[in-house]
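Right, one structure below, let's go through it.
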Amino acid sequence: VQLQACGGGLVQAGGFLRLSCAASGRSFSSYSMGWFRQAPGKERELVAHISWNGGSIYYQDSVKGRFTISRDNAQNTVYLQMNTLKPEDTAVYYCVARRGSGWGLRPYEYDFWGQGTQVTVSS
């Protein structure tokens, strides 16, 4: 599967952005999906994950209550709604996919990666 993420940009603190990730190929609904981010000088970290049917969702503690992950299997798309953005949310955000059920915190646990989209939050 190929992943194409978009929606990043420059926003002031307190603002919002919506990231989208379109997946090509068949069987999108069989993949669990997620978003990682990587800030300069830091390791990639899992921000949010959603199971194939949306029944299981994970959020990193720092984004709970501000970010919402969702998916539309009919449109082969996963979203990340980011509200009340903070400067520390500044990073490159990557859409990821994992075959089958289950999820993981580590980058190597995901099979497919999008190209990344830059999110910059100014103070």
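The values are calculated or read from the model by the stated rules, or taken from the named source; none is laboratory data. Computed from a prediction, not measured in an experiment: that's the story for all the values here. Positions of Cβ are generated from backbone atoms using ideal geometry, with glycine treated the same way; all protein chains shown enter the neighbour counts. These accessible areas exclude ligands, DNA and RNA; they are computed on the full protein's heavy atoms, side chains included. Shrake-Rupley method; radii C 1.70, N 1.55, O 1.52, S 1.80 Å.
The table that follows gives values for the structure above.
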| read-out | value |
| --- | --- |
| Summed residue charge, Cβ within 12 Å of Thr90's Cβ, Lys/Arg positive, Asp/Glu negative | +1 |
| Fraction of antiparallel bridges per DSSP, region 1-114 only, in percent to nearest 5 | 95 |
| Charge dipole magnitude, Cβ of K and R +1, D and E -1 - region 42-123, Cα centre, debye nearest 20 | 60 |
| Stretchable slack from Ala13 to Ala74, in nm (0.36 nm times residue separation minus alpha-carbon distance) | 18.6 nm |
| Distant-in-sequence amide H partners of Gly9 (H built 1.01 Å from N, under 5 Å) | Val119, Thr120 |
| Furthest towards positive pole of dipole, Phe36, Pro107, Val78, structure part the chain, Cβ charges | Val78 |
| Accessible surface, per residue, of region 5-123 when the full set of protein chains is kept, probe 1.4 Å, Å² | 51 |
| Normalised contact order of region 1-82, rounded percent, pairs of Cα under 8 Å and 6 or more residues apart | 29 |
| Gain on full stretching of the segment that runs from Lys64 to Arg106 - 0.36 nm per residue minus C-alpha separation | 13.2 nm |
| Residue order for Arg44, Arg98, Arg106, Arg26 - accessible surface, 1.4 angstrom probe, largest first | Arg26, Arg106, Arg44, Arg98 |
